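Written out below as C-alpha coordinates is the structure these notes cover.
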Amino acid sequence: MGVYLVSVGAEEWFGEEEDGWGEVASALNAELRRRGLPPYEDVPPETDFAAGSGQAFEEKLTPSMTGFLALCETHLSQEESESLCGWTVVVPFSLDEEIWLPIDSGYCESTMVVGAPQVLPLAEKLAAAIELPPETPATCDNLDLSMWFRDQAKELATTRTGLWVTDLDTAFYVALFLRAAQHSIRRGCPIVCT
(Lines give C-alpha, C1' and ligand atoms only; values in the text may rest on other atoms or scores of the structure.)
Protein backbone atom coordinates (compact mmCIF):
# COMPACT_ATOMS: atom_id res chain seq x y z
CA MET A 1 0.00 0.00 0.00
CA GLY A 2 0.99 3.64 -0.08
CA VAL A 3 0.96 6.48 -2.56
CA TYR A 4 2.58 6.03 -5.96
CA LEU A 5 3.23 8.20 -9.01
CA VAL A 6 2.78 6.00 -12.08
CA SER A 7 2.53 6.47 -15.81
CA VAL A 8 -0.68 5.34 -17.46
CA GLY A 9 -1.10 3.86 -20.93
CA ALA A 10 -4.07 4.36 -23.23
CA GLU A 11 -5.88 1.21 -22.10
CA GLU A 12 -5.97 2.28 -18.46
CA TRP A 13 -6.43 6.00 -19.22
CA PHE A 14 -9.55 5.43 -21.29
CA GLY A 15 -10.62 2.27 -19.44
CA GLU A 16 -13.96 2.15 -17.71
CA GLU A 17 -12.95 -0.57 -15.24
CA GLU A 18 -12.88 0.23 -11.53
CA ASP A 19 -9.12 0.88 -11.56
CA GLY A 20 -9.21 2.76 -14.89
CA TRP A 21 -9.03 6.49 -15.40
CA GLY A 22 -11.83 6.69 -17.99
CA GLU A 23 -14.03 8.99 -15.91
CA VAL A 24 -11.13 11.43 -15.45
CA ALA A 25 -10.18 11.20 -19.15
CA SER A 26 -13.76 11.97 -20.23
CA ALA A 27 -14.17 14.83 -17.76
CA LEU A 28 -10.80 16.31 -18.75
CA ASN A 29 -11.66 16.18 -22.46
CA ALA A 30 -15.02 17.82 -21.79
CA GLU A 31 -13.29 20.62 -19.88
CA LEU A 32 -10.63 21.04 -22.59
CA ARG A 33 -13.35 21.35 -25.24
CA ARG A 34 -15.21 23.87 -23.06
CA ARG A 35 -12.01 25.94 -23.00
CA GLY A 36 -11.64 25.73 -26.77
CA LEU A 37 -8.71 23.30 -26.59
CA PRO A 38 -8.32 19.98 -28.40
CA PRO A 39 -9.12 16.83 -26.42
CA TYR A 40 -6.28 14.69 -25.07
CA GLU A 41 -6.64 11.50 -27.10
CA ASP A 42 -3.12 10.66 -28.27
CA VAL A 43 -2.11 8.60 -25.23
CA PRO A 44 0.53 5.96 -26.01
CA PRO A 45 -0.24 2.32 -25.25
CA GLU A 46 1.33 0.61 -22.27
CA THR A 47 4.54 -1.23 -23.13
CA ASP A 48 5.96 -4.42 -21.72
CA PHE A 49 8.24 -3.76 -18.78
CA ALA A 50 11.93 -3.47 -19.67
CA ALA A 51 14.23 -2.25 -16.91
CA GLY A 52 16.02 0.97 -17.81
CA SER A 53 13.99 1.51 -20.98
CA GLY A 54 12.33 4.72 -19.82
CA GLN A 55 8.98 3.48 -21.16
CA ALA A 56 7.23 3.41 -17.77
CA PHE A 57 7.29 5.48 -14.59
CA GLU A 58 6.65 4.16 -11.10
CA GLU A 59 7.81 5.61 -7.80
CA LYS A 60 6.47 5.31 -4.26
CA LEU A 61 6.17 8.37 -2.01
CA THR A 62 7.82 6.86 1.06
CA PRO A 63 10.25 9.36 2.66
CA SER A 64 9.12 12.30 4.77
CA MET A 65 8.10 15.36 2.71
CA THR A 66 8.79 17.87 5.50
CA GLY A 67 12.10 19.13 4.10
CA PHE A 68 10.77 19.18 0.55
CA LEU A 69 7.75 21.29 1.51
CA ALA A 70 10.07 23.69 3.36
CA LEU A 71 12.25 23.91 0.23
CA CYS A 72 9.16 24.72 -1.84
CA GLU A 73 8.19 27.48 0.62
CA THR A 74 11.68 28.98 0.31
CA HIS A 75 11.98 28.93 -3.49
CA LEU A 76 8.42 28.90 -4.87
CA SER A 77 5.23 30.87 -4.42
CA GLN A 78 2.30 29.09 -2.78
CA GLU A 79 0.61 28.78 -6.17
CA GLU A 80 3.77 27.30 -7.71
CA SER A 81 4.13 24.85 -4.82
CA GLU A 82 0.54 23.68 -5.29
CA SER A 83 1.12 23.20 -9.03
CA LEU A 84 4.33 21.27 -8.43
CA CYS A 85 3.20 18.85 -5.75
CA GLY A 86 -0.58 19.13 -5.39
CA TRP A 87 -1.67 17.43 -8.58
CA THR A 88 -3.52 14.16 -9.03
CA VAL A 89 -2.79 13.94 -12.77
CA VAL A 90 -0.03 15.51 -14.83
CA VAL A 91 -0.51 15.61 -18.61
CA PRO A 92 2.18 16.17 -21.26
CA PHE A 93 0.79 19.41 -22.71
CA SER A 94 0.59 23.00 -21.49
CA LEU A 95 -2.31 24.25 -19.43
CA ASP A 96 -2.68 27.94 -18.57
CA GLU A 97 -3.92 26.90 -15.13
CA GLU A 98 -4.69 23.71 -13.29
CA ILE A 99 -8.00 22.01 -14.03
CA TRP A 100 -10.13 20.83 -11.12
CA LEU A 101 -12.45 17.95 -11.95
CA PRO A 102 -15.31 16.98 -9.59
CA ILE A 103 -14.11 13.39 -9.39
CA ASP A 104 -13.01 11.77 -6.13
CA SER A 105 -9.30 11.05 -6.41
CA GLY A 106 -9.12 8.81 -3.38
CA TYR A 107 -7.30 11.48 -1.37
CA CYS A 108 -9.71 14.39 -1.82
CA GLU A 109 -13.10 15.03 -3.34
CA SER A 110 -11.71 16.39 -6.60
CA THR A 111 -8.96 15.67 -9.11
CA MET A 112 -6.38 18.32 -9.97
CA VAL A 113 -4.83 18.15 -13.47
CA VAL A 114 -1.70 20.14 -14.34
CA GLY A 115 0.48 20.39 -17.42
CA ALA A 116 3.96 18.87 -17.27
CA PRO A 117 5.41 21.88 -19.16
CA GLN A 118 4.32 24.03 -16.18
CA VAL A 119 5.62 21.57 -13.56
CA LEU A 120 9.02 21.06 -15.22
CA PRO A 121 10.53 24.56 -14.72
CA LEU A 122 9.44 24.55 -11.07
CA ALA A 123 11.15 21.21 -10.47
CA GLU A 124 14.21 22.40 -12.41
CA LYS A 125 14.39 25.48 -10.19
CA LEU A 126 14.47 23.29 -7.07
CA ALA A 127 16.98 20.89 -8.66
CA ALA A 128 19.30 23.83 -9.33
CA ALA A 129 18.79 25.18 -5.80
CA ILE A 130 19.94 21.92 -4.18
CA GLU A 131 22.50 21.09 -6.90
CA LEU A 132 20.89 17.74 -7.71
CA PRO A 133 23.72 15.57 -9.07
CA PRO A 134 23.75 14.52 -12.72
CA GLU A 135 24.06 10.89 -11.61
CA THR A 136 20.42 10.93 -10.46
CA PRO A 137 18.61 8.32 -12.59
CA ALA A 138 16.90 9.78 -15.63
CA THR A 139 14.38 6.95 -15.90
CA CYS A 140 12.15 5.59 -13.17
CA ASP A 141 10.71 2.40 -14.60
CA ASN A 142 10.37 0.50 -11.36
CA LEU A 143 11.30 2.47 -8.23
CA ASP A 144 14.67 3.35 -9.76
CA LEU A 145 14.85 6.67 -7.89
CA SER A 146 13.87 5.04 -4.60
CA MET A 147 16.58 2.40 -4.98
CA TRP A 148 19.20 4.94 -6.06
CA PHE A 149 18.52 7.25 -3.12
CA ARG A 150 18.54 4.29 -0.74
CA ASP A 151 21.92 3.02 -1.92
CA GLN A 152 24.07 4.92 -4.45
CA ALA A 153 23.07 8.44 -3.33
CA LYS A 154 24.28 7.80 0.21
CA GLU A 155 27.61 6.62 -1.14
CA LEU A 156 27.88 9.54 -3.60
CA ALA A 157 27.01 12.02 -0.84
CA THR A 158 30.22 11.13 1.02
CA THR A 159 32.37 12.52 -1.80
CA ARG A 160 30.17 15.33 -3.15
CA THR A 161 29.09 18.75 -1.99
CA GLY A 162 25.86 20.60 -2.55
CA LEU A 163 22.68 21.12 -0.61
CA TRP A 164 21.28 17.82 -1.85
CA VAL A 165 23.63 15.88 0.46
CA THR A 166 22.15 17.53 3.58
CA ASP A 167 18.70 15.97 3.15
CA LEU A 168 18.37 12.99 0.84
CA ASP A 169 14.60 12.78 1.42
CA THR A 170 14.19 16.31 0.08
CA ALA A 171 16.48 15.54 -2.85
CA PHE A 172 14.39 12.44 -3.60
CA TYR A 173 11.21 14.50 -3.96
CA VAL A 174 12.93 17.12 -6.10
CA ALA A 175 14.13 14.34 -8.40
CA LEU A 176 10.73 12.62 -8.29
CA PHE A 177 8.74 15.61 -9.53
CA LEU A 178 11.46 16.54 -12.02
CA ARG A 179 11.56 13.07 -13.56
CA ALA A 180 7.76 12.72 -13.53
CA ALA A 181 7.36 15.91 -15.60
CA GLN A 182 10.19 14.90 -17.94
CA HIS A 183 8.72 11.42 -18.43
CA SER A 184 5.23 12.76 -19.15
CA ILE A 185 6.59 15.11 -21.82
CA ARG A 186 9.00 12.56 -23.33
CA ARG A 187 6.44 9.74 -23.57
CA GLY A 188 3.35 11.89 -24.12
CA CYS A 189 1.56 10.07 -21.32
CA PRO A 190 -0.28 11.04 -18.16
CA ILE A 191 1.22 10.36 -14.75
CA VAL A 192 -1.20 9.84 -11.91
CA CYS A 193 -1.03 9.89 -8.15
CA THR A 194 -2.59 6.69 -6.94
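P(r) for the chain, please, calculated from all Cα pair distances in 5 Å bins and given in %.
Histogram of Cα-Cα distances, whole percents per bin: 1, 8, 16, 21, 21, 15, 10, 5, 2, 1, 0.
Output needed for the range 26-95: three equivalent-ellipsoid semi-axes, defined as square roots of 5 times the C-alpha gyration tensor eigenvalues, in descending order, whole Å.
For the range 26-95, the ellipsoid semi-axes come out as 27, 23, 9 Å.
Please report the carbon-and-sulfur percent of the accessible area for the chain; probe 1.4 Å, protein heavy atoms only, DNA, RNA and ligands left out. Each step should come with its number before you reach the end.
Numbers: 5050 of 9790 Å².
On the chain, the fraction of accessible area on carbon and sulfur atoms equals 52 percent.
Which is the longest part of the chain that has none of the chymotrypsin sites (Phe, Trp or Tyr not before Pro) sitting in a DSSP loop with at most 12 other Cβ atoms within 10 Å?
Longest run free of exposed loop sites: 108-194.
Take the Cα radius of gyration of the range 81-136 and divide it by 2.2 N^0.38 Å, with N its residue count; two decimals is plenty. Display every interim value, and only then the final one.
Values: Rg = 13.1 Å, N = 56, 2.2 N^0.38 = 10.2 Å.
So the Cα radius of gyration is 1.29 times the expected 2.2 N^0.38 Å.
Counting other Cβ atoms within 10 Å, which trypsin sites (Lys or Arg not before Pro) in the range 1-52 have at most 16 and lie in a DSSP loop?
35
Helix-only estimate, please: 222 nm mean residue ellipticity of the chain, summing -39500 (n - 2.57) across DSSP H runs of length 4 or more and dividing by its residues, to the nearest 500.
Mean residue ellipticity, 222 nm, calculated: -13000 deg cm²/dmol.
What Kirkwood radius, in Å to one decimal, follows from the Cα pairs of the range 1-52?
12.5 Å
Based solely on C-alpha atoms, express the radius of gyration and the Dmax of the range 62-155 in angstrom.
Rg then Dmax for the range 62-155, in Å: 14.7, 45.
The values are calculated or read from the model by the stated rules, or taken from the named source; none is laboratory data. Note that the structure is a prediction, hence the values are computed from the model and not measured. Ideal geometry is used to build each Cβ from the backbone, glycine not excepted, and the neighbour counts take in all protein chains shown. SASA here: full protein model, heavy atoms, side chains in, ligands and nucleic acids out. Shrake-Rupley method; radii C 1.70, N 1.55, O 1.52, S 1.80 Å.
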